[in-house]
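Notes follow once the structure below has been shown.
The values are calculated or read from the model by the stated rules, or taken from the named source; none is laboratory data. Just so it is clear, the model here is predicted, and its values are computed rather than measured. Here Cβ is always computed from backbone atoms with ideal geometry, including for glycine, and neighbour counts include all displayed protein chains.
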């Protein structure tokens, strides 16, 4: 089943504003089967996780010193890196030639 541009599709409300805009842009430019919409939703959810992790890294830094005085990577940095791989794979699965949502973490200053 392919959705036509004329059909009104509901954009998931739990997505951030940037991801909702991205979702809308993609469904306006491309026609998808139902399973592709699920992949698109997963990509948008993944993008939101990337942004959340980026905010955390900007707040607390890329690295920290543990209780033994050893430098460690912030777990949010690893999460951000892992989610970027997932996002890229989901977008590749959709075969989109489109840029990621225009989203930047809020300024901390």
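Computed quantities for the displayed model
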| item | result |
| --- | --- |
| Residue in segment 17-29 that is surrounded by fewer than 11 Cβ atoms within 10 Å (Cβ to Cβ), part of a loop (DSSP other than H, G, I, E, B) and modelled with pLDDT of 95 or more present | no |
| Single condition residue 59 does not satisfy, out of (1) touching a residue at least 24 places away in the same chain (Cβ under 8 Å); (2) buried (at least 17 other Cβ atoms within 10 Å of the Cβ) | (2) |
| Failed item in (1) at negative phi; (2) surrounded by fewer than 17 Cβ atoms within 10 Å (Cβ to Cβ), with residue 69 passing the rest | (1) |
| Residue check, residue 81 out of contact with any strand residue (DSSP E or B) (no Cβ under 6 Å at 6 or more places or on another chain), surrounded by fewer than 16 Cβ atoms within 10 Å (Cβ to Cβ), assigned to a helix (DSSP H, G or I) and at pLDDT 95 or above | yes |
